[in-house]
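The values are calculated or read from the model by the stated rules, or taken from the named source; none is laboratory data. No experiment lies behind these values; they were computed from the predicted model shown. Here Cβ is always computed from backbone atoms with ideal geometry, including for glycine, and neighbour counts include all displayed protein chains. What goes into the accessible areas is simple: the full protein's heavy atoms, side chains included, and nothing from ligands, DNA or RNA. Shrake-Rupley method; radii C 1.70, N 1.55, O 1.52, S 1.80 Å.
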There are 2 protein chains.
Amino acid sequence: MRIAVAVCLVIMSASAVWSVGDAVKKEFTPVSFANVTVDDAFWAPRMKTNRESTIPYEYQRCKDTGRIDGFRPDWKPGEGQTRHIFYDSDIAKWIEAASYSLATHPDPKLDKELDEVIANIASCQKPDGYLNSYYVNVEPTKHWTNLRDCHELYCAGHLIEAAVAHYQATGKRSLLDVMCRYADCIDRTFGTADGKKRGYCGHEEIELALVKLYRATGEKRYLELSKYFVDERGRKPYYYDSEAKARGEDPTQFWAKSYDYCQADKPLRDQREVTGHAVRAMYIYSAMTDLAAECQDSTLMPALNSIWDSVTLQRMYLTGGIGPSASNEGFTTAYDLPNESAYAETCAAIGLVFWSHRMLELGCDGRYADVMERALYNGALSGVSLDGTKFFYVNPLASHGQHERQDWFGCACCPPNIARLIASLGEYIYSQSDNDIAVHLYVQGSAKLKVGGQAVTLSQKTEYPWDGKVTISLAMDKPSTFGLRLRIPGWCRSYGLKVNGKPISVKPDLGYVRIERQWTGGDKVELDLAMPVERVYAHPLVQADVGRVAIQRGPIVYCIEGVDNKDIPIDRLVLPKSAELKSSFRKSLLGGVTTLAGSAEYADDAASGLYHSSEPKMKRCKITAIPYYAWCNRGKTDMAVWIAER
Amino acid sequence: MRIAVAVCLVIMSASAVWSVGDAVKKEFTPVSFANVTVDDAFWAPRMKTNRESTIPYEYQRCKDTGRIDGFRPDWKPGEGQTRHIFYDSDIAKWIEAASYSLATHPDPKLDKELDEVIANIASCQKPDGYLNSYYVNVEPTKHWTNLRDCHELYCAGHLIEAAVAHYQATGKRSLLDVMCRYADCIDRTFGTADGKKRGYCGHEEIELALVKLYRATGEKRYLELSKYFVDERGRKPYYYDSEAKARGEDPTQFWAKSYDYCQADKPLRDQREVTGHAVRAMYIYSAMTDLAAECQDSTLMPALNSIWDSVTLQRMYLTGGIGPSASNEGFTTAYDLPNESAYAETCAAIGLVFWSHRMLELGCDGRYADVMERALYNGALSGVSLDGTKFFYVNPLASHGQHERQDWFGCACCPPNIARLIASLGEYIYSQSDNDIAVHLYVQGSAKLKVGGQAVTLSQKTEYPWDGKVTISLAMDKPSTFGLRLRIPGWCRSYGLKVNGKPISVKPDLGYVRIERQWTGGDKVELDLAMPVERVYAHPLVQADVGRVAIQRGPIVYCIEGVDNKDIPIDRLVLPKSAELKSSFRKSLLGGVTTLAGSAEYADDAASGLYHSSEPKMKRCKITAIPYYAWCNRGKTDMAVWIAER
C-alpha cells in the first residue's frame, strides 16, 4: 500500500537568498566511489562497458594520436595528426577514468599501462617542475606567454586531477609527486608577491584541481594558490591585456571580443549571470564552491547563487545540456534554447554534474541533486554510445538526421570526460555528515560509510530509473541514532514511505525526507516514488518550445526518434493533449529501456497549394518514444524532444 | 439583397497542364494606364504621393548621387558615393515613373527635367550606339567583357523601358531614338551569326524591354533579339565560362557557384523549378510570357507553367513576397518561408506583379490576377512608406524591431521600381479583347476602351479594398453586344451580382463571371464580394507557420504591430480559435485603413523556473491588426503576420 503524500513541485525553483555574512558550511562529504558498489541493471552494465570498451578504446586512440608519446621530446606528429596545445588534458582525463576503474576493479594490465603513461609524463618534467608536452617539446621558449588562449594551466589542472585519482586508487605516488613538483613550480610562478606573474588561465580547471590536491596532500599552499587564481580573475588592469601586448599583439583583437568568454571580464565575486564558454564556466564555479566550503568563504556565495539561477532557471536544456551556441561553445541570453542547433557540449553537462554535486555538499538541498540527476541521466549520458566507443560532442534536442556519433575528435575533450564521470559514478550517490546519511541517487548497490561514529553498510535495491520503488537496508554492528535523508526528486509528485513495513509520514525539507531514529542492523526503508509519464512545458520565453511539450518519466527525458517511428514526420508531429502515453520496459531494446507508446497526429501534406482557409487535415499515427540518452544508436535519424501539442 | 453563390476556393490551386502542341493566344490586351483614371480613396492618394513626393524625391537622390550627371565624362564620384555599374538602371526606372505620371498629370517642370536627363543620357552615346555611363566613362576598354556580373544589358533594358514609356507619355522620340540606336548596336553585337557574341545578360531585363521596344516601334528585329537572348540562355558550353576564361578568370570560382543563380544553368525551356535571384527570375519569366504571346510559341509554356507552380504553390509568402534568402536575394527550397529573416525584396514582389499580369493576358485566368493582386496590395506596396520617401528593400513577415524603412540605398533598385509600378497602376486594372472587357482589379475610376468595334467608357464606384461592393456603369454611344468579365477573387467565398438592379446568377469560370448581353449606355452592374475577416493557414510543410494563422480580409493581409498593441509580446501572441476579429474603418489612421480588433492571449512569463508540469498561464489581451503594407510607418516596432493559434 502506498501512502501518497501529494506534493506538487515546480521542477525548478529559485535559490534561497544568501547574505554575504552567512557562514558557509560544508555539511556533507561524498561517500567515495571506492566505498560504493553499483550492481544495478542501469549503471552497472554502463560501467562495465566503460571499463571494458571505452577506457581501452580511448587509450588506443590517445596512443595512436601521440597523446601519450607526445611527452617524449623525439615524438613527431604523424600523418593527418595535429598536435594540440591541450593534448595533455585528454590523456590526463583518461588516467583519471582508468584510476577510478582500477579502484573498484583491479586490472594488472591497466595498472601497467598507467605506470607506462605516467613514466612518459614524468620524463617530460623540467628540473624546475614545469611539465607540458607542447611547451616543453614544441615551443620551449614560450611557456607562460599566453595564458589566455593556450590552456597551459588547464592541462596542469587535469594532470593534477589525474594524479590525485591515481594516488587514491592505487596508493602510488608516481604521478602525485610529479604533479606536486609542478604545482610547486606554478605556485612559485603565480601570485601577488613581487616578481610573480599575476596571471590565471583562460580555460579554468586548475582551480578545482588544486583543491583536490590540497585535500589529497594536506598542503595548504595548493588551496591558497587556487584561491589566488579565483581572487585574481577578472581584475583590472586585465592580465590578458598586458600579456597580449608583451607578445606584440593588440589585446582588442581578441577573437571572442570580451573576456566574459572566459568569465574574466570582472572579478568572479562581482559576477551575477553566467557568460561565455560553458565548460570553463562550470569548472570555475565548481572551484568556487569548493573554496567557499573549504575556506568558509561566504563572499563567494552571492555570485554562485545568482549564477546558479541564471543557469538553471534561464539557460539549461531539459536534458541538463547547457551552452546553446556553437560560436562560443557556450552561453547566450536568457531563454535562448534552440533545439536543433543546440550545442550543449557533453563536457558542459558533465561540468554541470560536477558543480551541482559540489553545491549539494554545502547544504543537502534537493535543487542541486535534481539538476545533477537531470544532467547525468540525459545530457551527459547522451554523449557516449551504448557500445562505449562513439561519442557526441554536441547534444541537440532535435535533428533532421544530420547528427551522428563520432569515433573520436581532433579536440577530444568529451570522450575521456564521460569516461571519468561514469567510472566515478559511485561518488555521486551518497553523502555523509557527522549525524546523517544522505541518499541523492537511487542506484542499486551498497555503500560503506561512517555516521555517528558507527560503520554502516547501506544497501539499495531498485529498478530505478525505470521504476520508483527503492528498498534500503541498513547493516551495522550495534544500534545507532542518526538521520537518513532520502531525496524526493523534483519530478516526483507523490510517494510512499515505510520503515520496517510501517507507513510513515514525513514532510520533505529542501527535497529530502529525513528519518531520524535509532537504527538497527536489518532495518529496512521502502520508498515508492510515483513515476507516471509526465508532460513538461517550458517557460513561455523559450521561443523554441512555445506550443510544445516534452515527455519525462522519472529522471528520464524522452525523445521521438525516426527509427522507431517510420514514415512519420517527426518535425511536425503533434501530440494531442488528451493522448495517453503508456510505458513498457523492453529488455532487448537499446540495452533495456522503458519506452512510451501512444497516439499522435501530424498534418497531412498531400494538399497542394500554399495557403488555405482551413487548417490542414490531421492524420493519426502511433508513436514510440525512447530515452533521449539512447538516441542515435541505430544510425542517423530524425529526432525531437519537444513536440507540438494541441 | 445579396444572392450568395457559395464558392469555396482553395486560395492557390495548381496550373492546368499545357501540352507543347497547344497554341498560345494573347487573347487580352491591357487597357493602357493613359486611358484609365483612378479616383478612389486607396490608390489615388498613393498615386498623388508618388507624383508629388516620391518622384521629385527620387530625382533629387539620383541627382545628388551622380546617377544623372554620371553620364557625362567629366563626372567624378563625390564623397561617400561609389559609382555602381548599374546606376543607369536607377535613373531609367525614374524616367519610366516620371513618364507614366506625366501621361496622366501634365507637369511642365517634370517634362523639362525629363528632357534634361535624357539629353544627359544621349550625350553619353558612342557613335556606334553603345551607351552605358559606367563603361563609357569609367572602364571604356572593358565593355561586353563580363555579361555575367556587370549588368550592362540589364541597364540597356531599363533605359529601353524608359524610352518606350517616355515616348508613349509625351510622343517625344528623344530617348526612343537613342535607345533604338543602342538596341541596333546590341543587335549587331549579339546573336548566333558568325562574328557575333553568343552572350546574354547575368541580370535579365533586356529581354522584356526589347518586346516593349518592338511593340512601340513595330521593328521585328527587337522581338527576334529578345527571342535570341531567351533561346541562348543556359546553353552549353556556357558563354559565361568562356567569357570568364577570356578575362583570365577561373569560371569555377563564380561566387554563386552555379549559374542557376541567374537562371542560366540550363536552357530556359528545360527549367521546371524557380531558382536563384528572385528579381532576375521574375524579369525573364515576364519576357518568356511576352514571347510566348507575341510569337505564339507554345514551347515556352511547359517551363512557364511549371515554374509558376513552383513559385506560387511552394515558394511565395502570403504577402506575395518571394525569395526568402538574403544570400542570393532569391529562392531556396520548397516551403522554405521563414518570417523574420524573409528577404522578400520589394523588387521581387513587383516582378511577380509584372509576370502575373503577363500570364493573365494569355487567357484571363483568375489565378494570375489573384497572385498579382496579392503582391500588389501587400508585398510590393509595403516597399514604400505612406509619405512616399522611405523604402523597404527587404519585407519580413515578422520583426523584433530591427527593421526600419530607409531613405535610400547604395543599391537603389527598389525605390524607383515601386514608383514606376504605382505610377502605372491604371494599366493593371482592365484588359480588353475583341469581344470582352475584363475587370481584374476593383479600383474606383474609369477607363476608355474599345470592344466589339464600339468605344465604351466603364466607370467603377467602390470602396475596395475595404469594402467588396463594386458598381460598374457603362457609357457608350449605341447599344453593343460584348462580354463583361468581372473577377471573383480567390479569397472571396460568396458574392452577389446584379445587372440594372436585378440579381443574376452566373457561375464563375477560371475566376471570372462573364456577362454577355447587349449593353446600353447607362447600364449598371453591381457586384458584392463578401469580405469577412478570414483566417489563413499555410501548407504543413511551411515549418515557420506550423500552428500559426494569418489574417486576411479581402485582398489585404494583416499584421500585428507593436505600436498598436503596447505591452503585448507580439512574438508569443496566441489567437484563440474562437476569437472573433471585428473590422472597422479608421479614417485618420495610416492614411485610412480598416483595422481588425479582438481578443487574444499570451503566456504569462511571470513564473520563475524553466520547466513546469503544467502549461503556462495565459493572459487575455485586446489586439488590433493593421494592413501589412502599412507597417513600420510609426517607427521601429515588433510585428508579426503569422500568429500562434490554439
Please verify whether A:Lys617 is of a type in the set (D, E, K, R), farther than 22 Å from B:Asp336 by Cβ and within 13 Å of chain B (Cβ to nearest Cβ), treating the condition exactly as stated.
yes
Within the range A:553-566, residues being within 14 Å of chain B (Cβ to nearest Cβ) and assigned to a loop (DSSP other than H, G, I, E, B) number 2
Could you grab me the full set of residues in the range A:516-532 that are crowded, with 18+ Cβ neighbours inside 10 Å and outside any loop (DSSP other than H, G, I, E, B)?
A:Trp519, A:Val525, A:Glu526, A:Leu527, A:Asp528, A:Leu529
Mind listing just one residue for me: the one in the range A:493-515 that is of a type in the set (Ser, Thr, Tyr) and not in a strand (DSSP E or B) and, of those, nearest to the other protein chains (Cβ to nearest Cβ)?
A:Ser494
Wholly within the range A:78-154, which helices (runs of 4 or more DSSP H) include no fewer than the required count, namely at least 1 residues that are more than 29 Å from the chain's Cα centre (by Cα)?
A:108-123, A:133-137
What is the number of the single condition among (1) outside any helix (DSSP H, G or I); (2) in contact with a Gly (Cβ under 8 Å, 6 or more places away or on another chain) that B:Cys185 does not meet?
(1)
Would you check which residues across the range A:386-430 are at negative phi, small (Gly, Ala, Ser) and touching a strand residue (DSSP E or B) at 6+ places or on another chain (Cβ under 7 Å) and list them?
A:Ala398, A:Ser399, A:Gly426
Residue check for A:Val549: touching a residue at least 24 places away in the same chain (Cβ under 8 Å), touching a Lys or Arg at 6+ places or on another chain (Cβ under 6 Å) and open to solvent by 40 Å² or more (accessible area, probe 1.4 Å):
no
I'm trying to understand the selection: among the residues of the range B:306-323, which are under 26 Å from B:Leu223 (Cβ atoms) and open to solvent by less than 10 Å² (accessible area, probe 1.4 Å)?
B:Ile307, B:Trp308, B:Val311
Subset of the range B:282-298 [more than 17 Å from B:Asp270 (Cα to Cα) and in contact with a Gly (Cβ under 7 Å, 6 or more places away or on another chain)]
B:Tyr283
Which numbered condition trips up A:Ser446, out of (1) more than 14 Å from every other protein chain (Cβ to nearest Cβ); (2) at pLDDT 95 or above; (3) open to solvent by less than 10 Å² (accessible area, probe 1.4 Å)?
(3)
Which strands (runs of 3 or more DSSP E) does the range B:401-491 wholly contain that include 1 or more residues that are under 21 Å from the mean Cα position of the chain (by Cα) and hydrophobic (A, V, I, L, M, F, W, C)?
B:436-439
Go through the range B:567-603 and report how many residues are assigned to a strand (DSSP E or B) and away from chain A (no Cβ under 13 Å).
14
Residue within the range B:202-218 that is among the small types (Gly, Ala, Ser) and part of a helix (DSSP H, G or I) present:
yes
Confirm whether B:Glu232 is touching a residue at least 24 places away in the same chain (Cβ under 8 Å), outside the structural domain of B:Val164 (by TED's automatic domain parsing) and either acidic (Asp, Glu) or surrounded by fewer than 24 Cβ atoms within 10 Å (Cβ to Cβ) (or both).
no
Taking the range A:340-361 and keeping only residues that are of a type in the set (S, T, N, Q) and open to solvent by 20 Å² or more (accessible area, probe 1.4 Å), one is left with A:Ser341
By residue number, the members of the range A:151-175 that are closer than 20 Å to A:Pro108 by Cβ and small (Gly, Ala, Ser) are A:Ala162, A:Ala165, A:Ala169, A:Gly171, A:Ser174
Looking only at residues that are open to solvent by less than 10 Å² (accessible area, probe 1.4 Å), assigned to a helix (DSSP H, G or I) and not hydrophobic (A, V, I, L, M, F, W, C) in the range A:362-393, which one is farthest from A:Glu52 (Cα to Cα)?
A:Gly366
Checking the condition out of contact with any His (no Cβ under 6 Å at 6 or more places or on another chain) and surrounded by 22 or more Cβ atoms within 10 Å (Cβ to Cβ), which residue from A:Glu207, A:Glu219 passes?
A:Glu207
Which of the residues that make up the range B:402-436 are out of contact with any Ser or Thr (no Cβ under 7 Å at 6 or more places or on another chain), under 17 Å from B:Ala447 (Cβ atoms) and of a type in the set (A, V, I, L, M)?
B:Leu425, B:Ile429
What are the pairs with Cβ atoms under 9 angstrom where one residue, in the range A:308-320, is more than 9 Å from every other protein chain (Cβ to nearest Cβ) and farther than 14 Å from A:Arg374 by Cα and the other, located anywhere, is open to solvent by 10 Å² or more (accessible area, probe 1.4 Å) and modelled with pLDDT under 95? Sequence gap at least six, or different chains.
A:Trp308/A:Ser15
Out of (1) within 14 Å of chain B (Cβ to nearest Cβ); (2) over 23 Å from A:Ala625 (Cβ atoms), the odd one out for A:Asp545 is which?
(2)
So which of A:Leu458, A:Leu474, A:Leu486 is buried (at least 16 other Cβ atoms within 10 Å of the Cβ) and closer than 30 Å to A:Ala550 by Cβ?
A:Leu486
Looking across the range A:33-45 at residues that are out of contact with any Lys or Arg (no Cβ under 8 Å at 6 or more places or on another chain) and open to solvent by 40 Å² or more (accessible area, probe 1.4 Å), the single one that is modelled with the lowest pLDDT is A:Ala34
Single residue of the range B:626-639 satisfying the filter (farther than 15 Å from B:Asp567 by Cα and surrounded by 16 or more Cβ atoms within 10 Å (Cβ to Cβ)) that is farthest from the other protein chains (Cβ to nearest Cβ):
B:Asn633
Considering only the range A:594-614, state which residues are of a type in the set (D, E, K, R) and either closer than 18 Å to A:Asp564 by Cα or surrounded by 15 or more Cβ atoms within 10 Å (Cβ to Cβ) (or both).
A:Glu601, A:Asp605
Can you tell me which of (1) touching a residue at least 24 places away in the same chain (Cβ under 8 Å); (2) within 14 Å of chain B (Cβ to nearest Cβ); (3) hydrophobic (A, V, I, L, M, F, W, C) is the one A:Ala606 doesn't meet?
(1)
Could you identify the single residue in B:Gly483, B:Gly490, B:Gly592, B:Gly501 that is under 28 Å from B:Leu458 (Cβ atoms), among the small types (Gly, Ala, Ser) and touching a Leu at 6+ places or on another chain (Cβ under 9 Å)?
B:Gly490
With the structure loaded, tell me whether B:Asp187 is charged (D, E, K, R) and outside the structural domain of B:Tyr130 (by TED's automatic domain parsing) or whether it fails that test.
no
